[in-house]
Amino acid sequence: MPLINLPLLHRLVTELDLLADGPEAVRRREDLHYTLCVATGVREPEQALSRARALLAARDEASMAAA
């Protein structure tokens, strides 16, 4: 299991969500997907994004429960 860096995942997911369409965005989206795959240990970009969102949601739930 890879070491999960939640702040990095948050930054990557946020950037993907805010990325506009356009020719320069295609390459950036590929780079972000690749980094998400490496960071989550998942090979498929959409699965890596889903995994990242799930990890971030679990972190948020844990923070809310601790408060």
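The values are calculated or read from the model by the stated rules, or taken from the named source; none is laboratory data. What you see is a predicted model; the values in this text were computed from it and never measured. Cβ coordinates were reconstructed from backbone atoms using ideal geometry, including for glycine residues, and neighbour counts include every protein chain displayed. These accessible areas exclude ligands, DNA and RNA; they are computed on the full protein's heavy atoms, side chains included. Shrake-Rupley method; radii C 1.70, N 1.55, O 1.52, S 1.80 Å.
Points worth noting:
- Selection of the range 19-40 for residues being of a type outside the set (S, T, N, Q) and either under 9 Å from the mean Cα position of the chain (by Cα) or closer than 12 Å to L9 by Cβ (or both) yields L32, H33, L36, C37, V38, A39.
- Some residue of the range 24-42 being of a type in the set (A, V, I, L, M, F, W, C), in a loop (DSSP other than H, G, I, E, B) and open to solvent by 90 Å² or more (accessible area, probe 1.4 Å): no
- Scanning the range 53-67 for residues that are more than 9 Å from the chain's Cα centre (by Cα), open to solvent by less than 80 Å² (accessible area, probe 1.4 Å) and either within 12 Å of L12 (Cα to Cα) or among the small types (G, A, S) (or both) turns up A54, A57, A58, A62, S63.
- Selection count where residues are in contact (Cβ under 8 Å) with a residue 40 or more places away in the chain, out of contact with any Ser or Thr (no Cβ under 9 Å at 6 or more places or on another chain) and open to solvent by less than 30 Å² (accessible area, probe 1.4 Å), scope the range 1-23: 1
- Boolean, A20 is of a type in the set (A, V, I, L, M, F, W, C) and assigned to a helix (DSSP H, G or I): no
- Within the range 43-52, the set of residues being surrounded by 13 or more Cβ atoms within 10 Å (Cβ to Cβ) and either in contact with a helix residue (DSSP H, G or I) (Cβ under 6 Å, 6 or more places away or on another chain) or closer than 15 Å to D17 by Cα (or both) comprises P45, A48, L49, S50, R51, A52.
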